[in-house]
Amino acid sequence: MATKPFFGTVVHLTATGHVLAVVASGALEPTVEQLTGSDRIRVRFAGLSTFVNVPVGVLTATRLPIPADLLDRPQWYVLNPANSPPLTFGSEPKVNVPVTPGVAGKKVIVVWQSAGASFPEDGVLDAQGKPPSGAPTGATAQLVAYEGGPLYLRTLP
């Protein structure tokens, strides 16, 4: 007898599919608004006190069968509903290292964190494969994700 798939709700960046969190939701189908209080999700990598509040406007929640490993390290995964299976095990998240350039023209999202607010920006990588903007005044941390690359979290000086 075949085993039933294990379902969860994956919270991911809409622009790139990078998974930020997963909830073992059983038969429930929580929305991103229900999971975030219609506000944000706080992203913090293991071993860091640095965080970035990613606003609900750049997030999507998707319920699907998930591998058990996803619960242990969700930020290693990328969701692409056009693929089969839709979840791909990607690269280890990068912590406090410069963002490695990607392929020009690929989708990118950057979320800047300041003491009291977060500032999301999505676009495409420039001709050098870098995100489109610099840090706003007062930024303390940065989350970056681009198609085909890992998830980055950096503390800013």
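No lab work stands behind these numbers, since they all come straight from the coordinates. These figures come from a predicted structure and were not determined experimentally. Please note: Cβ atoms are built from the backbone with ideal geometry, for glycine as well, and neighbour counts cover all protein chains shown.
Toward the positive end of the charge dipole of region 7-89, about the Cα centre and with charges on Cβ (Lys, Arg +1; Asp, Glu -1), which of 86, 49, 37 goes farthest?
49
Using a Gaussian network model of the chain whose springs link C-alpha atoms within less than 10 Å, name the residue from 78, 95, 11 with the highest mean-square fluctuation.
Per the Cα network of the chain with a 10 Å cutoff, 95 tops the list.
What list do you get for 35, 70 if you sort them by fewest beta carbons within 10 Å?
Ranked by crowding around the Cβ, least crowded first: 35, 70.
Sort 50, 9, 137 so the one with the fewest other Cβ atoms within 10 Å of its own Cβ comes first.
137, 50, 9
Once phi is turned into ³J(HN,Hα) by the Karplus curve 6.51 cos²θ - 1.76 cosθ + 1.60 with θ = phi - 60°, what whole-Hz value does each residue of region 137-153 show in order, with x for glycine and proline?
Karplus values, whole Hz, x for Gly and Pro: 4, x, 5, 10, 8, 9, 10, 10, 9, 9, 3, x, x, x, 8, 10, 9.
Sort 4, 106, 130 so the one with the fewest other Cβ atoms within 10 Å of its own Cβ comes first.
Fewest to most other Cβ atoms nearby, the residues stand as 4, 106, 130.
Considering the chain as a Gaussian network with a 10 Å cut-off on Cα pairs, which listed residue, 116, 105, 37, attains the greatest mean-square fluctuation?
116
Taking only DSSP H segments of four or more residues, each worth -39500 (n - 2.57), what value at 222 nm results for the chain once the sum is divided by all its residues, to the nearest 500 deg cm²/dmol?
Result for the chain, helices only: -1000 deg cm²/dmol.
Pick the calculated Rg and Dmax of the Cα atoms in Å for this structure from (i) 16.8, 60; (ii) 16.3, 54; (iii) 15.6, 59?
(iii)
Check the straight Cα-Cα distances from residue 94 and name the lysines below 28 Å, setting aside those fewer than 8 residues away within the same chain.
106, 107, 130
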